[in-house]
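Taking it in order: structure first as structure tokens, then the write-up.
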Amino acid sequence: MFKRFSTSDCSTSTQIKSSAQRGIKAKIQETFPGLDEAMIDVLLPKKPPLVQYKATGLTIFCTGGSENVPLFYQHRDWDDVVLPTLKFVHKYPDLPWTKVTVDKGAIPFVLGGANIMCPGLTNPGGEIEDGLQKGQAVIIMAEGKEHAIAVGKLKISSEDIRTKNKGIGIEVAHYLGDKLFELSEIC
């Protein structure tokens, strides 16, 4: 999704009204149920207000003011989820994100932007918790590594990943080293 992204892809920027901001916060809480309302209010305070940037196929939510740092984004085909940027996940690693772990063999492929195959989650070193549903957003960790390497969305449920153990398990949206990760601020 962000292999060839640049700031010139952003067409418009708009300061988000407080009512729309509440809707975005609710969508984030729906995407990551472990985050409660108090946590989200600390992470996304009213001042400075959020600014949204429209780009081809997605919307990026940034802090307002002088920093203008990307925090979350929403792909237009994935209206049901708002995903955090990896830099935001690295800044707050102890938050109750929904996490999965890929085995060491999958790491180079994920860092190249590939989707995660089911065996990368079920082989020794890979971990996926029970009860995750198709379409759920996840933070992807790597076996033996401290920080997240990608953000994505489950293509099939965790039960199907274990039973089928074949095909794509997670569609990767944003990974370590892509153009969004390299972006420090949006102008």
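The values are calculated or read from the model by the stated rules, or taken from the named source; none is laboratory data. Here the structure is a predicted model, which means the values were calculated and not measured. No Cβ is skipped: glycine too gets one built from the backbone with ideal geometry, and neighbour counts run over all protein chains shown. To get the accessible areas, we keep the full protein, side chains included, count just its heavy atoms, and leave off ligands, DNA and RNA. Shrake-Rupley method; radii C 1.70, N 1.55, O 1.52, S 1.80 Å.
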³J(HN,Hα) across segment 145-151 via Karplus (A = 6.51, B = -1.76, C = 1.60, θ = phi - 60°), whole Hz, x for Gly/Pro? 10, 7, 9, 5, 10, 6, 10
Compute the FRET efficiency between E171 and A38 as 1/(1 + (r/R0)^6), taking r as their Cβ-Cβ distance and R0 = 41 Å, and round to the nearest 0.05. 0.85
From the alpha carbon gyration tensor of the chain, can you work out the equivalent ellipsoid semi-axes (sqrt of 5 times each eigenvalue) and give them in Å, largest to smallest? 28, 18, 14
Given charges of +1 on the Cβ of Lys and Arg and -1 on the Cβ of Asp and Glu, with all other atoms neutral, how large is the dipole of the chain about its Cα centre, in debye to the nearest 20? 460
So between R76 and K134, what do we pick up on full extension, going 0.36 nm a residue minus the alpha carbon distance? 19.1 nm
Where only protein heavy atoms count, and the probe is 1.4 Å, what is the accessible area per residue for the chain in Å²? 50
Accessible carbon and sulfur surface of segment 6-64 relative to its total accessible area, %, 1.4 Å: 54
Theoretical ellipticity at 222 nm over the chain - DSSP helices of four or more residues, -39500 (n - 2.57) apiece, nearest 500: -6000 deg cm²/dmol
Within 10 Å of each candidate Cβ there may be at most 16 other Cβ atoms; applying that plus a DSSP loop requirement, which GluC sites (Glu not before Pro) in segment 62-129 survive? E67, E129
Please check which bits of segment 28-54 a label hung off L95 would reach, taking the label as a point 7 Å along Cα-to-C-beta and the cut-off as backbone N under 12 Å. 28-45
The FRET efficiency for K46 and R162, from their Cβ-Cβ distance with R0 = 35 Å and rounded to 0.05, is 0.25
Of all beta bridges DSSP finds with both residues in the chain, what is the antiparallel percent, to the nearest 5? 90
Among L121, F181, Y53, flag the residue with its Cα farthest along the positive direction of the charge dipole of the chain, charges on Cβ as +1 for Lys/Arg and -1 for Asp/Glu. Y53
Report the residue, chosen from L95, L132, L121, that carries the largest GNM mean-square fluctuation when the chain is represented by alpha-carbon nodes joined by springs under 10 Å. L95
Using only Cα atoms, figure out Rg for segment 97-187 and give it as a multiple of 2.2 N^0.38 Å. 1.04
